[in-house]
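**Q** Sharing a structure here in structure tokens format.
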Amino acid sequence: MCSSDLYPLAYWALMGMETGLQALLAVVAVQLALTTAHSDRDHGFALWIICAAAFLLRMDMLLLVGAVQLYVLWQRGFRRLLSPGWLAGLAVFCGMTIAYGVFRWVYYHDLLPNTYYLKLFGVPLAVRLLRGTAVLAEFARDHLLVLLTAGLGTLAFVRRNRRMILPAALFVLYCAYSVYVGGDAWDDDLPIRANRFIAFGMPLLFVLFNATLNEVLAAWRRRRETAGDDPLGRCALAAATIAALLIVDGLWLSEKSNDNWREVALVNRPPMTLRHQRVVAQLLAFQRFVRPGAVVATAW
């Protein structure tokens, strides 16, 4: 059973951000990497295609590419990894990324996106780290029970279940990345409980959370010397997952649970919608000053 921080994922995706697709690509990449690393099935080519799609979606998904490929290399070894499918996938990835880089240079005259210059260029590292740490601390406070359960469970059961290493490493990696870049641009303006750099990794956190619950349930079964289907254990697992989902979405054990319920139920307007109305009104007013057929665009 896998869940996630639903409201932030839904909000960012419906706002037109890449977050929902990032979450999908991250989960698929982890699944393919784990299958390749811990079974005789070779999904090296498919994994490289997912990695290429992730990198083309956002350049900072290169962290995901490096993590999943290094994990497979660590588990299988370099010689076993060099299959025809893996090498073909690597060639496709390199070809797509080189072509993308050439296009960026020809069209934009730069290899880096403009967000690099807006968020990082000229901003002292200390300033970014201080703000990023403050943002991550607030996130950790809001999700403390789930983070503790998943984190302690991973430490306790990782020797028994080595598959927990990859999702844990990716989640920690992107939390660190959020700190490095100083958090998101809207962390101070929006009441969203996970920013774009962390929200897409929340399904991986719930993979660890449910893996912990499964290990606890398996230990309980062994202690009771029972086997087969266990309705009581399955109900407990489902209840714990639902409780965790309510917590991470701020619908339970939160000072703002009433407001969060109203937003999830669409009783309250989602954040930024009033600003969008003003932008649309400005565009419609501006359109009256341009010639018919002119295209008017906005980032909002």
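One line per residue, one yes/no per condition, for (1) among the hydrophobic types (A, V, I, L, M, F, W, C); (2) on the phi > 0 side of the Ramachandran plot; (3) touching a helix residue (DSSP H, G or I) at 6+ places or on another chain (Cβ under 8 Å):
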site: F157; (1), (2), (3): yes, no, yes
site: R160; (1), (2), (3): no, no, yes
site: P167; (1), (2), (3): no, no, yes
site: Y174; (1), (2), (3): no, no, yes
site: D189; (1), (2), (3): no, no, no
site: G201; (1), (2), (3): no, no, yes
site: F206; (1), (2), (3): yes, no, yes
site: W220; (1), (2), (3): yes, no, yes
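**Q** Filter the helices (runs of 4 or more DSSP H) completely within the stretch 216-300 down to those with at least 1 residues that are in contact (Cβ under 8 Å) with a residue 60 or more places away in the chain and under 30 Å from F157 (Cα atoms).
**A** Passing ranges, in order: 231-248.
**Q** Any residue in the stretch 159-177 that is in contact (Cβ under 8 Å) with a residue 60 or more places away in the chain, surrounded by fewer than 21 Cβ atoms within 10 Å (Cβ to Cβ) and of a type in the set (S, T, N, Q)?
**A** No, the conditions are met nowhere in the stretch 159-177.
**Q** Against the condition farther than 29 Å from W74 by Cβ, part of a helix (DSSP H, G or I) and not hydroxyl-bearing (S, T, Y), how does D187 come out, does it pass?
**A** So D187 fails the test.
**Q** Moving on. Is it the case that A52 is touching a residue at least 12 places away in the same chain (Cβ under 8 Å) and either closer than 20 Å to L21 by Cα or outside any helix (DSSP H, G or I) (or both)?
**A** For A52, the condition - touching a residue at least 12 places away in the same chain (Cβ under 8 Å) and either closer than 20 Å to L21 by Cα or outside any helix (DSSP H, G or I) (or both) - is met.
**Q** Would you please name the residue that is nearest to the chain's Cα centre (by Cα), looking only at residues in the stretch 103-148 that are at pLDDT below 95 and polar (S, T, N, Q)?
**A** It comes out as T115.
**Q** Residue under question is V248, and the condition is that it be of a type in the set (V, I, T) and open to solvent by 30 Å² or more (accessible area, probe 1.4 Å); does it hold?
**A** Criteria not met by V248.
**Q** If you take the residues in the stretch 191-215 that are open to solvent by 20 Å² or more (accessible area, probe 1.4 Å) and not in a helix (DSSP H, G or I), which one is farthest from T154 (Cα to Cα)?
**A** Within the stretch 191-215, the match that is farthest from T154 (Cα to Cα) is P191.
**Q** For the stretch 93-114, which residues satisfy the criterion of being in a helix (DSSP H, G or I) and surrounded by 14 or more Cβ atoms within 10 Å (Cβ to Cβ)?
**A** F93, M96, T97, Y100, R104
**Q** Tell me which residues, restricted to the stretch 41-65, are open to solvent by less than 10 Å² (accessible area, probe 1.4 Å) and either polar (S, T, N, Q) or more than 16 Å from the chain's Cα centre (by Cα) (or both).
**A** G44, L47, A52
The values are calculated or read from the model by the stated rules, or taken from the named source; none is laboratory data. Quick caveat: nothing in here was measured; it's all calculated off a predicted structure. Neighbour counts run over all protein chains shown; Cβ positions are idealised from the backbone, glycine included. SASA here: full protein model, heavy atoms, side chains in, ligands and nucleic acids out. Shrake-Rupley method; radii C 1.70, N 1.55, O 1.52, S 1.80 Å.
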